Amino acid sequence: MVPELESATVRILHPERVTGIIRSLKEQGTSKLQVISDFDMTLSRFGCNGRRCPTSHNILNDSRVISEDSKRKLKDLLHYYYPIEIDPNRTLEEKRPLMVEWWSRVHELLSQQSIRKGDIAQIVSESGVMLRDGFKELFDQLHKYNVPLFIFSAGVGDVLEEIIRQANVFYSNINVVSNYMDFDENGVLTRFKGPLIHTYNKNNSVLQGTEYFQELSTRTSIILLGDSMGDLTMADGVPSVENILKIGFLNDKVEERRGKYLGAYDIVLERDETLDVANGILRYILTET
Ligand SMILES: Nc1ccn([C@@H]2O[C@H](COP(=O)(O)O)[C@@H](O)[C@H]2O)c(=O)n1
Ligand SMILES: [Mg+2]
């Protein structure tokens, strides 16, 4: 049905269940389908030529517009909070206030750096960020068949939009909910707009009042793509979900986190820098047979 599911990077706990969901997604048809995806480390790559690829936050933090002192502070925050974010032995309840603390401190520091709206395109083009292999096919297929792609990210919206724009795939079927910058009348960053989105509140609580709710509520077949346990709730705002296929990228601390990911995601992709599996499933669902 989907040859890409035979790849060595793919792990599935309940193969029959997965086959059943994919069949149902095809039966329900294109008009019922939407893709809900995380951005950083899901649509973007985790590894870039043997190093970590930057997240949308890292792109700003490491850029020439940030002072050396602030760069050091931002790195210290990353080294303190990132291990907490991915720790499989801490509960989400424990992690949430710490994530709010991390995001708030970073946004505060960034807001003191006089970042200009007009600098973002160059900051992105100099960053070395890469979308996953196969991104063009994914974005093109969804656009061609009018399937909405909802990107729900705890990263920086202005930066991730620019990444997609520079990759020439920012099509009209894409909606983004993320942390957006607020610029003053001279185009200088003053603060981040609310509500603050972090890894573990990607759910209804931050979607209330967005156009997304209205627009996509009739799309009851969902393919969800994420790389964090926090991404599993991204579809909670869709009423009466009929079929949902959850695909999780397990990028880091693979052995430690495998058990939790296999229990939560229908398909787990281990150290897989491609969108081949998602593309294979979409090809099967979208093409007439
Ligand atoms: N200061 C920060 C805060 C978070 N991150 C990473 O960003 C990712 C969140 O964005 P999603 O598109 O994945 O929702 C997540 O991987 C955090 O580790 C960061 O790099 N710097
Ligand atoms: Mg992510």
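Where does helix 157-166 land angle-wise versus the long Cα axis of the chain, in degrees 0 to 90, nearest 10? Between helix and principal axis, roughly 70 degrees. Each residue of segment 139-153 was assigned a 3J(HN,Hα) from its phi angle through the Karplus curve 6.51 cos²θ - 1.76 cosθ + 1.60 (θ = phi - 60°); the sequence is 5, 5, 4, 5, 5, 4, 9, 6, 8, x, 10, 9, 9, 10, 10 Hz, with glycine and proline shown as x. Taking each of Lys95/Lys202; Lys144/Lys202; Lys95/Lys117 in turn, the alpha-carbon distance tops 22 angstrom for Lys144/Lys202; Lys95/Lys117.
From the largest down, segment 62-170 spans 43, 37, 20 angstrom on the principal axes of its Cα atoms. At what distance in angstrom do the alpha carbon centres of segment 179-216 and segment 89-135 lie from each other? Answer, in whole Å: 13. Amide H to amide H distances under 5 Å link Phe192 with Asp182, where only residues 5 or more positions off or on other chains count and H is placed in the peptide plane. Per residue of the chain, the DSSP helices (runs of n ≥ 4 H) give a summed -39500 (n - 2.57) that works out to -12000 deg cm²/dmol at 222 nm.
The packing ranking of peptides 108-115, 33-40, highest mean first, is 33-40, 108-115, where packing means the average number of other beta carbon atoms within 10 angstrom of each residue. Remark: segment 1-112 carries 52 Å² of accessible area per residue (probe radius 1.4 Å; ligands, DNA and RNA excluded). Computed from Cα atoms, the angle from the helix 68-85 axis to the main principal axis of the chain rounds to 30 degrees. Rolling a 1.4 Å probe over the protein heavy atoms leaves His14 with an accessible area of roughly 100 Å². Each residue of segment 108-120 is assigned a 3J(HN,Hα), and the resulting list reads 4, 4, 5, 5, 8, 9, 6, 6, 9, 3, x, 8, 4 Hz, derived from the Karplus form 6.51 cos²θ - 1.76 cosθ + 1.60 (θ = phi - 60°), x at Gly and Pro. Mean-square fluctuations from a GNM of the chain, with a 10 angstrom spring cutoff on Cα atoms, peak among Lys95, Lys144, Lys71 at Lys144.
Helix 276-286 and the longest principal axis of the C-alpha atoms of the chain enclose an angle of approximately 50°. By DSSP, the beta bridges lying fully in the chain are antiparallel in about 25 percent of cases.
When the charge dipole of the chain is built from unit charges on Cβ atoms (+1 for Lys and Arg, -1 for Asp and Glu) and taken about the Cα centre, the candidate among Tyr261, Asn89, Gly237 whose Cα reaches farthest toward its positive end is Asn89.
The values are calculated or read from the model by the stated rules, or taken from the named source; none is laboratory data. Predicted model, so just to flag it, every value in this text is computed and none were measured. Backbone-built Cβ (ideal geometry, glycine too); neighbour counts: all protein chains shown. The protein model used for the area step is the full one, side chains on, heavy atoms only, and it has no ligands, DNA or RNA in it. Shrake-Rupley method; radii C 1.70, N 1.55, O 1.52, S 1.80 Å.
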